[in-house]
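The values are calculated or read from the model by the stated rules, or taken from the named source; none is laboratory data. This is a predicted model, so every value here is computed, not measured. For neighbour counting, all protein chains shown are included, and Cβ atoms are generated from backbone atoms with ideal geometry for every residue, glycine included.
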Amino acid sequence: MKRLAQLSRSFAVARRFLPEVSGHGLKLAGVAGLYLAAILLELGRPWPLRWVIDDVLAPSGSPPANSGEIILYSGLALAAILAGKALLEYLATMLVAAIGHRVTRGLRLRVFRHMVGLSPDFHAKHRSGDLLLRLTGDVPMVKDMLVDAGVQMSVRGIQAIGIAVMLFVVDPVLAASVLLPLPLIALVVRFLSNHLRIAVRKQRRKEGELASYMHEAIEATVLLQALGREDHAIQRFARTNRTSARAGLKVARASARLGGAVEGMLALAFAGAMTFGAWRVHEGMLRLGELTVFLSYVRGLLKPIRAAAKHQARIAKGTACGERILRVLDEVAAIPPSAPGAQPPERPETLVFEGVHYTYADGTEALRGVDLRLLRGELAALVGPSGAGKSTLIALALRIFDPDQGEVRLGGIPLRELDLDAMREGVAISLQNTILFGESLRENLLLGSPEATEEELWAALEAAAAADIVRAQPEGLDALLGSGGVGLSGGEARRICLARALLRNADILIVDEPFGGLDRATALRLVETLRAAARDRIVLVVTHAVEHLEAFDRVVHLDRGRILGDGRHVDLLAGDRQYSRLVGEAQEVEL
Ligand code: ADP
C-alpha cells in the first residue's frame, strides 16, 4: 500500500511538471520512434548466431553445402544490426539531451519568475541559499526524472515485454521458469528505492542548509572579520558541512544497496536459466543454438531491469527535488497574477491612500488606517521613527502587496485594477538599502531604463550628484562593481541609485533616505534636484534628515501605522508634539 502511495506520489509530482514536457511532444515522438527501431534490431541480434550454431556448427544432420555462405551472411547481418542499433541510439540520445536542456531552461525560468513575484514575507521566511539550490540543483534532478528516466523507463519497459515474448517463442517452459522470480525483484526494487527517496530528501534539505549558511557567511565576511568571529563561522560551517556529507553518504549507501540487490538477484536468475537450459539441451528438448539465443535474451532482459533500478533511483531523487520546487510554486504570489488590467492613466495627478490597513503574516499591524493624498508638482517628505510603517507604505505604492483594507489609487483608479507591469513602469524608486548587482556602473544605471542615451545618463548622474563618483573610476561607466556594490561607499551607492531612479523619468518618484552620509553642500544639491523633479512628478522622500525638511512643500509624519501630522515643517513643529520631539531627537543625534 505504502509502495503504491510512493509510486502515485512520483506520478503526482511528475504530472505537475507535465506542461514543461508536453511542449516537446514532436521531439519525444521522434525519440520513441528511434528507440522502437533500436529495440526491434536488438530483438533480432541473437538470431545470426543461432543460424551459425544450429545449421553449421552443430547441425542435426550433416552440415549443409553452403556453410561458408551462412557464416558470412550471419556475420554481415550481425554487423548491420549492431551498427544500425548504435546509430539509432546515438540519435535518440542526442534528441533526449536537447529536450532535457530545454526542459531545464523552461522549468528554471518558471520557478524564477514565480520566486521574484512572491511576497517579501516569503523571502524573509526562506533563506536565499536554499532557494538558490532549488533553482540550480533541484531543477536538473526534476528534468532527469521527467525526460531521461521517463524516456528510459518507457523504452526499457517495451524492450522487456518484447524480450519476454521472444523467450516464450524460443522455449515456453524455460521462459516461465526465468520470469517467475521477476515480481520478487520488482518488490525489492520498490522497497529499496523508497529508502533512497527518503535519504535523498534529507540530503537535499541538508545541502540547502549548507548553501544558505555559506551564502550568509560570505555576505557577512566583513562583519565576521570585524567581530573576530571567523573561527566561530568556520566551526559552524564545518558542522553543517559534516551533516550534509553524512546525508550524502547515506544516499550513496541506499543507492548502492539498490544496485547491489538487483545485480545479485539477476545473477541468480541468469545462472538458473543457464543450468536449467543446459539440462533441457542435454535432454534433447532444446537445440544448442536455441539455448544460445535464449541466454542472450535473458542477458538482454537484465539490461532493462538494471536500467529500471537505476532510473528508479533517479525518479526517487526527482520526486524529492520536485516536491521542494512545488513547495515554491505552490506559494501564492502576493499579488494575484494580473488579468490584463487597465492601462494606468496618462499623467496621473494624484497617488491616494484611502483608509489603508496592512498587517503582516505574523500579526504585526504595520499600517492602521492611513489616509494620504500625494499630488503632482509637490515635494513631499515622509518621516517617522523606525518601525513606523514607512517601508510598508512604499511597498503598497509599488503594489508589492495589496492593503488588507482600504485602497491605493493612482489618478483615481485603484492599483489592483491596473495592469501591474504598466503601473510599476510609472514608478521610479531609490531604496535605502541600495540594490546594486555585480555588474558595471552602466548596467546598474540602465537597469530600469535600458533605452536611455549616454546624454540622459550623464544628466541623471549630475542631478544625483553622482557624476564625480563615475569620473573617479578609471573605467568610468564601465567600472565593474563587486557583488552588492562593494567599492562604493554607502552614500555613493545611494546616489548612483538615485541617478538610476531619476533616469527612469517616471510619474512617481520614491526616494528612501537620500541624504545619509553626505556633506551639507551635496545634500543641498540633492534637495534642489528633488525640487526640480517634483515640478512635474509625484515625489515622496523618506528621510530622517530633519535639517532639510523646511525645503519640502509638505511633510507627512507617520507613527506606529498612523499619520499624526501632515503639513509644512514649521506648522508641524508648532502643532504636532510628537513631531517636534522626533525632530529634537534627530538634531541631538546630529550634534
Ligand atoms: P519603517 O520603514 O518605518 O521602519 P516598516 O514599514 O518597515 O517601518 O515596518 C512597520 C512595522 O511592520 C514594524 O513593526 C516592523 O517590525 C513590521 N514589519 C516590517 N516588515 C515585516 C515583515 N516582513 N514581517 C513582519 N513584520 C514586519
Point to revise | Boolean, Leu461 is more than 34 Å from the chain's Cα centre (by Cα), in a strand (DSSP E or B) and surrounded by 20 or more Cβ atoms within 10 Å (Cβ to Cβ) | key: no
Review point. In the stretch 384-419, what count of residues is obtained for those that are within 22 Å of Val539 (Cβ to Cβ), in a helix (DSSP H, G or I) and in contact (Cβ under 8 Å) with a residue 24 or more places away in the chain?
Key: 8
Check your understanding: Pairs under 6 Å by beta carbon, first residue within 18 Å of Lys390 (Cα to Cα) in the stretch 563-576, partner of a type in the set (S, T, N, Q) and assigned to a helix (DSSP H, G or I), six or more apart or different chains?
Key -> Leu564/Gln578
Check your understanding: So which pairs qualify, if the first residue must be in the stretch 109-120 and crowded, with 16+ Cβ neighbours inside 10 Å, the second must be among the acidic types (Asp, Glu), the Cβ gap must be under 6 Å, and the two must be at least 6 apart or on different chains?
Key -> Leu118/Glu331
Practice item. Among what's in the stretch 118-146 and is among the small types (Gly, Ala, Ser) and away from the ligand (no atom under 16 Å from the Cβ), pick the residue that is nearest to Thr319 (Cα to Cα). Key: Gly137
**Study point:** Qualifying helices (runs of 4 or more DSSP H) (wholly inside the stretch 1-114; at least 2 residues being more than 26 Å from Arg324 (Cα to Cα) and touching an Asp or Glu at 6+ places or on another chain (Cβ under 8 Å))
**Key:** 25-44
Check your understanding: Can you name every residue in the stretch 524-561 that is surrounded by 19 or more Cβ atoms within 10 Å (Cβ to Cβ) and small (Gly, Ala, Ser)?
Key -> Ala533, Ala534, Ala545, Gly561
Exercise for review: Could you list all residues from the stretch 279-290 that are touching a residue at least 40 places away in the same chain (Cβ under 8 Å) and in a helix (DSSP H, G or I)?
Suggested key: Arg280, Leu288, Gly289, Glu290
Review point. Looking only at residues in the stretch 17-41 that are of a type in the set (A, V, I, L, M) and more than 26 Å from Leu78 (Cβ to Cβ), which one is farthest from the chain's Cα centre (by Cα)?
Key: Ala29
Practice item. Answer yes or no: is there a residue in the stretch 387-402 that is at pLDDT below 90, of a type in the set (Ser, Thr, Tyr) and either surrounded by fewer than 17 Cβ atoms within 10 Å (Cβ to Cβ) or more than 13 Å from the ligand (Cβ to nearest atom) (or both). Key: no
Study note, to complete from the structure: Checked the stretch 422-435 for anything in contact (Cβ under 8 Å) with a residue 40 or more places away in the chain, of a type outside the set (A, V, I, L, M, F, W, C) and away from the ligand (no atom under 16 Å from the Cβ); matches are Glu425, Gly426
Practice item. Identify the residue in the stretch 403-419 that is surrounded by 19 or more Cβ atoms within 10 Å (Cβ to Cβ) and among the aliphatic types (A, V, I, L, M) and, among all such residues, is nearest to Thr359 (Cα to Cα). Key: Val408
Review point. Somewhere in the stretch 356-377, is a residue surrounded by fewer than 17 Cβ atoms within 10 Å (Cβ to Cβ), away from the ligand (no atom under 13 Å from the Cβ), under 27 Å from Leu118 (Cα atoms) and at pLDDT below 85?
Key: no
Point to revise | Residues (farther than 20 Å from Pro19 by Cα and surrounded by 15 or more Cβ atoms within 10 Å (Cβ to Cβ)) located in the stretch 138-157 | key: Val155, Arg156
